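The values are calculated or read from the model by the stated rules, or taken from the named source; none is laboratory data. Because the structure is predicted, anything quoted here is derived from the model rather than measured. Positions of Cβ are generated from backbone atoms using ideal geometry, with glycine treated the same way; all protein chains shown enter the neighbour counts. Areas reflect the complete protein model, heavy atoms only, side chains present, ligands, DNA and RNA absent. Shrake-Rupley method; radii C 1.70, N 1.55, O 1.52, S 1.80 Å.
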Amino acid sequence: MKNAICEYYSNVTPKPVDWLWYPYIPFGKLTVIQGDPGEGKSTFVLNLVSLLTNGRPMPDGYKTPKPRVAIYQCAEDGMADTIKPRLEQAGADCEKVAYIIDDDIALTLEDGRIESAIKETGASVFIIDPIQAFIPPDADMQSATKMRSVLRKLANTAEQNNCAVILIGHMNKGSGAKTLYRGLGSIDIAAIARSVLMISSLSTILI
């Protein structure tokens, strides 16, 4: 019997989106946080990690039911002299903040170690900082086809493990364009995300 290639939406069971922080960061989806260099993207995320690992409410009062494990993968700062002190300054529970050891083989967005780490730690959130540092060697950030393929794999990992994946990205220097289009790389990076947030020195807004 020949396998069907189509299915009907009448057979799909609707389900609500589960939120790490409503309505900004969903579980099982990709969230992009972008902004100009020096505007506080990493600081914002580290403070978010502090709230999550301690089970404290979000800045708007949205409650986290329990302390959660976070994986924070950063390529721009030293772990001992920058990341750990900043986590401690933010009040994070470092017993609940993990990172993937990538001294020998550089981590990329399509690396199988991401899913393994999420499963091993039971992480509720996986953070990549910045996305530009974790692009596979054979990928071009301007290539819609390749970036969509890479991010689809990462999105599937997020969905299958009900983990919120946050991608931090720098914005380009263009002016006059809509904010969403100033993120570095293909527009597909933002298009495939469930949520896109912009960090500025004045505010944090959903775009």
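Brief remarks follow.
- Charged neighbours of G28, selected by a Cβ distance under 12 Å, balance to +1 (K, R count +1; D, E count -1).
- Mean Cβ count within 10 Å, highest first, over the residues of peptides 122-129, 93-100: 122-129, 93-100
- The chymotrypsin sites (Phe, Trp or Tyr not before Pro) of region 5-36 that DSSP puts in a loop, and whose beta carbon has at most 16 other beta carbons within 10 Å, are Y8.
- Charge tally in the Cβ shell below 11 Å around R113, where Lys, Arg are +1 and Asp, Glu are -1, R113 excluded: -4
- For region 31-163, the per residue solvent-accessible surface stands at 50 Å², with DNA, RNA and ligands left out and a 1.4 Å probe.
- Two-decimal Rg to Rh for region 1-115 - Kirkwood Rh, Cα set: 1.09
- Of the solvent-accessible surface of region 20-117, computed with a 1.4 Å probe and all protein chains present, 48% belongs to carbon and sulfur.
- Relative contact order %, region 52-167, counting alpha carbon pairs below 8 Å whose residues are six or more apart: 27
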